[in-house]
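Worksheet for the structure shown next.
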Amino acid sequence: MRAELLPAAFADSMRALLGDEEYTSYIRSFGEDWKPGLRANGLKIRPEQLKAMLPWHLEPVPWVETGFYYDADQARPSRHPAYYAGLYYLQEPSAMTPGELLPVKPGDRVLDLCAAPGGKSTQLGARLLGEGLLVSNDISNSRARALLKNLELAGIPNICVTSESPERLSQVFPLFFDKILVDAPCSGEGMFRRDGEMVKDWALKGPAYYAPLQREILAAAVTMLRPGGTILYSTCTFSREEDEGTVEYVLSRFPDLELKPLDTGLVPGACGGIGLDGCMRLFPHRIKGEGHFLALLRKKSGGESGTAGDGGLAAESAGEEFWDGGLAAYSAGRLAGDGARTECSTGRLAGDGGRAECSAGKVAGDNVRTGTEDLRGRRREKAEAWETAKGRGAVRNFPGQAKKGRNTPAAADTGELEAFLEQLSLPVPRERLSVRPEGVYLLPAGMEQPPSLRFLRTGLLLGELKKGRFEPSQALAMVLKKEQYPVTVDFSMEDERAVRYLKGETIALAEGEGPVKGWCLVCAGGYPLGWAKGAGPVLKNKYYPGWRWM
Ligand SMILES: C[S@@+](CC[C@H](N)C(=O)[O-])C[C@H]1O[C@@H](n2cnc3c(N)ncnc32)[C@H](O)[C@@H]1O
């Protein structure tokens, strides 16, 4: 993109924002080279291992432990078996920053509210190390499908992928999440240098269009954050209205929210907010990356906002109290279709410090139950409806499905599934296993049923039962480590059979590699790519057709 093509109104606003001298540096950056980035998937590989494995020169992104620059003239990282093994994600270096600075830890309940195509979700999911929950949402269904693919490719098991409005999500998950990322839709000014199309879009929808939308989305996120929890708000634009302006709006609307200053020293060249201390701005003339804005917000723990430190013990335990509220509210959303309702603590949000009925409950109608009754009722429902497989208490169906007599597999049909699961050294807690007509799922801990939302996936799709035959899924292959399945064929990354496998071809095994019988995990360089079925000296290709190397 040439700087001369920038719209005059944008150029004027940037000159006003930066001052004459710095504006000149900004414009000069349009003539400079920029480097794309890739980020190692910490769930599967350490950054130094990835650097040693890939055949191109990689240069570390100074502020992202797992991030690298690569040279686009030399490398084609989307055409390498390691990419298909989910070992890295292609991501612009500045865009790696929000996922790096939101302090996610294993066990957290994390929401990525505007998540597609999943750059930051895959980063957050990796940091959970399979513990806790990642709800990744995008209002656009088609974009949410790309998001699901990227999360599955990255091998993240504890996901719930939804396609909902933030407002609807906030009815189902009040005060539920420990950490929330709002990487908001924006006018994209920070990407102008790389992407001329963004300039055309800006002319149609600029800051005045996006700022009200961002405020609505961020406000919904605040209602889903538990006391003591943290939100990271980010955009890839420079407009003060969309950046600090949106943060100022939520700070004024929610008195229990505070700005947690970001340390600009973490990102060489970063600067603070404009007219609002504590935010972080990245400019392409100051860092090796494109434009970005970040702000970290914390919800004070009820009545303990003076407590020193970040989420100290008092704050954490206050958060735990709300955990129940959050769960009950989540249940209310989930059970809404059954006419059930329960209590939740949304009253906190209204500022009265008391408990109140949640809106999801109000909507649910007149089959009223108290929270305790509801919990008891749910236990009873589980006990009545969950079926056992082969009398071993192994395979279960969703409550409601069995009750309504839908097409659930008979216990006798689940023997092959059990036999397959027995071979895995991946822990599959049976109480989280769900057998449904469209697939067998390992649900995330604490989410025994999918929420009553438009969702594309809840948990890890393990595979499908077809007339009693269990077929493992591509998603399962991506979650597994090679050592966790007994039958594997491992090509070197350079072996052309790895690419031929990814293209969907039948693969002939060399002497000493076979014969292989039954389901076989095909790997490259020790990392799983997908499934094949061994038929003596050949592997029948079972790589998921929608993911093939074209
Ligand atoms: C900046 S992009 C997100 C990029 C993503 N975080 C990543 O790292 O790959 C913003 C996303 O917000 C979504 N979006 C737009 N309006 C939305 C809304 N009202 N609620 C939720 N998501 C929305 C868009 O579909 C788009 O995918």
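Give me a count of the residues in the range 508-533 that are surrounded by 15 or more Cβ atoms within 10 Å (Cβ to Cβ) and either within 19 Å of residue 478 (Cα to Cα) or of a type in the set (Lys, Arg) (or both).
15
I need a count of the residues in the range 89-100 that are surrounded by fewer than 22 Cβ atoms within 10 Å (Cβ to Cβ) and more than 23 Å from residue 56 (Cβ to Cβ).
Selection size over the range 89-100: 0.
Looking at 453, 417 in this structure, which one is of a type outside the set (Val, Ile, Thr), in a loop (DSSP other than H, G, I, E, B) and not assigned by TED's automatic domain parsing to the domain that holds residue 169?
453
If I ask for residues that are assigned to a loop (DSSP other than H, G, I, E, B) and out of contact with any helix residue (DSSP H, G or I) (no Cβ under 7 Å at 6 or more places or on another chain), which ones from the range 508-550 would you list?
Of the range 508-550, the ones assigned to a loop (DSSP other than H, G, I, E, B) are 509-515, 525-526, 537, 542-544, 548-550.
Correct list: 509, 510, 511, 512, 513, 514, 515, 537, 542, 550.
Which condition does residue 293 not pass, out of (1) open to solvent by 20 Å² or more (accessible area, probe 1.4 Å); (2) touching a helix residue (DSSP H, G or I) at 6+ places or on another chain (Cβ under 9 Å), if it passes all the others?
(1)
Residue by residue through the range 114-137, note down the ones that are among the aliphatic types (A, V, I, L, M) and in contact with a Ser or Thr (Cβ under 9 Å, 6 or more places away or on another chain). Break it down stepwise before answering.
Taking the range 114-137 as the starting set, the residues that turn out to be among the aliphatic types (A, V, I, L, M) are 115-116, 124, 126, 128-129, 133-135.
Hits for the range 114-137 are 115, 116, 124, 126, 134, 135.
With the structure loaded, tell me whether residue 146 is surrounded by fewer than 24 Cβ atoms within 10 Å (Cβ to Cβ) and within 11 Å of the ligand (Cβ to nearest atom) or whether it fails that test.
yes
Those residues that are assigned to a strand (DSSP E or B) and in contact with an Asp or Glu (Cβ under 9 Å, 6 or more places away or on another chain), I need them from the range 221-267; list them, please.
Listed by number, the residues that qualify are 225, 226, 227, 228, 229, 230, 232, 233, 234, 235, 259, 260.
When residue 198 is evaluated against the numbered criteria (1) open to solvent by 30 Å² or more (accessible area, probe 1.4 Å); (2) out of contact with any helix residue (DSSP H, G or I) (no Cβ under 7 Å at 6 or more places or on another chain); (3) hydrophobic (A, V, I, L, M, F, W, C), which criterion, by number, is the only one it fails?
The one condition residue 198 does not meet is (2).
Do we find that residue 161 is open to solvent by less than 30 Å² (accessible area, probe 1.4 Å), within 11 Å of the ligand (Cβ to nearest atom) and part of a strand (DSSP E or B) in this structure?
Taking the combined requirement at face value, the residue does not satisfy it.
What about residue 447, is it touching a residue at least 60 places away in the same chain (Cβ under 8 Å) and not in a loop (DSSP other than H, G, I, E, B)?
No, not satisfied.
Which condition number does residue 96 fail, the rest of (1) under 10 Å from the mean Cα position of the chain (by Cα); (2) within 16 Å of the ligand (Cβ to nearest atom) being met?
Unmet for residue 96, out of (1) under 10 Å from the mean Cα position of the chain (by Cα); (2) within 16 Å of the ligand (Cβ to nearest atom): (1).
Could you check how many residues of the range 250-287 are farther than 29 Å from residue 194 by Cβ and polar (S, T, N, Q)?
The qualifying residues number 1.
Between 166, 185, 227, which is out of contact with any Cys (no Cβ under 7 Å at 6 or more places or on another chain), closer than 30 Å to residue 301 by Cα and within 10 Å of the ligand (Cβ to nearest atom)?
None of the other options fit; the residue is 166.
Counting only residues that are open to solvent by 60 Å² or more (accessible area, probe 1.4 Å), touching a residue at least 40 places away in the same chain (Cβ under 8 Å) and within 22 Å of residue 124 (Cβ to Cβ), how many does the range 53-83 have?
1
When you scan the range 189-221, how many residues do you find that are among the β-branched types (Val, Ile, Thr) and away from the ligand (no atom under 14 Å from the Cβ)?
So the answer is 1.
Sort through 87, 101, 134 and tell me the only one that's more than 26 Å from residue 288 (Cβ to Cβ) and more than 11 Å from the ligand (Cβ to nearest atom). Spell out the reasoning first.
Details: 87 fails: more than 26 Å from residue 288 (Cβ to Cβ); 101 fails: more than 26 Å from residue 288 (Cβ to Cβ).
Result of the check over 87, 101, 134: 134.
Can you name the residue in the range 27-52 that is touching a helix residue (DSSP H, G or I) at 6+ places or on another chain (Cβ under 6 Å) and farther than 20 Å from residue 128 by Cα and is also most open to solvent (accessible area, probe 1.4 Å) among such residues?
27
Among the candidates 86, 107, single out the residue that is part of a loop (DSSP other than H, G, I, E, B) and surrounded by 24 or more Cβ atoms within 10 Å (Cβ to Cβ).
Sole residue among the options that is part of a loop (DSSP other than H, G, I, E, B) and surrounded by 24 or more Cβ atoms within 10 Å (Cβ to Cβ): 86.
Is it fair to say residue 205 is within 17 Å of residue 242 (Cβ to Cβ), open to solvent by 10 Å² or more (accessible area, probe 1.4 Å) and touching a residue at least 12 places away in the same chain (Cβ under 8 Å)?
The answer is yes for residue 205.
Name the residues in the range 104-118 that are near the ligand (Cβ under 7 Å from one of its atoms) and free of Cβ contacts under 8 Å to residues at least 60 places away in the same chain, would you?
116, 117, 118
Can you work out which of the residues in the range 122-131 that are assigned to a helix (DSSP H, G or I) and away from the ligand (no atom under 11 Å from the Cβ) is surrounded by the most Cβ atoms within 10 Å (Cβ to Cβ)?
If we take residues in the range 122-131 being assigned to a helix (DSSP H, G or I) and away from the ligand (no atom under 11 Å from the Cβ), then 125 is surrounded by the most Cβ atoms within 10 Å (Cβ to Cβ).
Could you look through the range 458-507, keep only residues that are assigned to a strand (DSSP E or B), of a type outside the set (A, V, I, L, M, F, W, C) and in the same structural domain as residue 427 (by TED's automatic domain parsing), and pick out the one that is most open to solvent (accessible area, probe 1.4 Å)?
Filtering the range 458-507 for residues assigned to a strand (DSSP E or B) gives 458, 460-466, 469-472, 488-491, 507.
Pick out the ones that are also of a type outside the set (A, V, I, L, M, F, W, C) and you get 458, 463-464, 466, 469, 471-472, 488, 490.
Adding the requirement that they be in the same structural domain as residue 427 (by TED's automatic domain parsing) leaves 458, 463-464, 466, 469, 471-472.
Numbers: 458: 5, 463: 2, 464: 76, 466: 93, 469: 147, 471: 65, 472: 14 Å².
So, considering only residues that are assigned to a strand (DSSP E or B), of a type outside the set (A, V, I, L, M, F, W, C) and in the same structural domain as residue 427 (by TED's automatic domain parsing), the one most open to solvent (accessible area, probe 1.4 Å) is 469.
Please go through the range 223-244 and give me each residue that is under 23 Å from residue 272 (Cα atoms), out of contact with any Pro (no Cβ under 8 Å at 6 or more places or on another chain) and open to solvent by less than 10 Å² (accessible area, probe 1.4 Å), ordered by number. Steps first, answer last, please.
Taking the range 223-244 and keeping what is under 23 Å from residue 272 (Cα atoms), we get 229-244.
Checking the rest, the ones that are also out of contact with any Pro (no Cβ under 8 Å at 6 or more places or on another chain) come to 229, 231, 233, 235-236, 238, 240, 243-244.
Listed by number, the residues that qualify are 229, 231, 233, 235, 238, 243, 244.
The values are calculated or read from the model by the stated rules, or taken from the named source; none is laboratory data. Just so it is clear, the model here is predicted, and its values are computed rather than measured. Glycine gets a Cβ as well: all are built from the backbone with ideal geometry, and neighbour counts include every protein chain shown. Note: accessible area is taken over every heavy atom of the protein model, side chains too, but ligands, DNA and RNA are not part of it. Shrake-Rupley method; radii C 1.70, N 1.55, O 1.52, S 1.80 Å.
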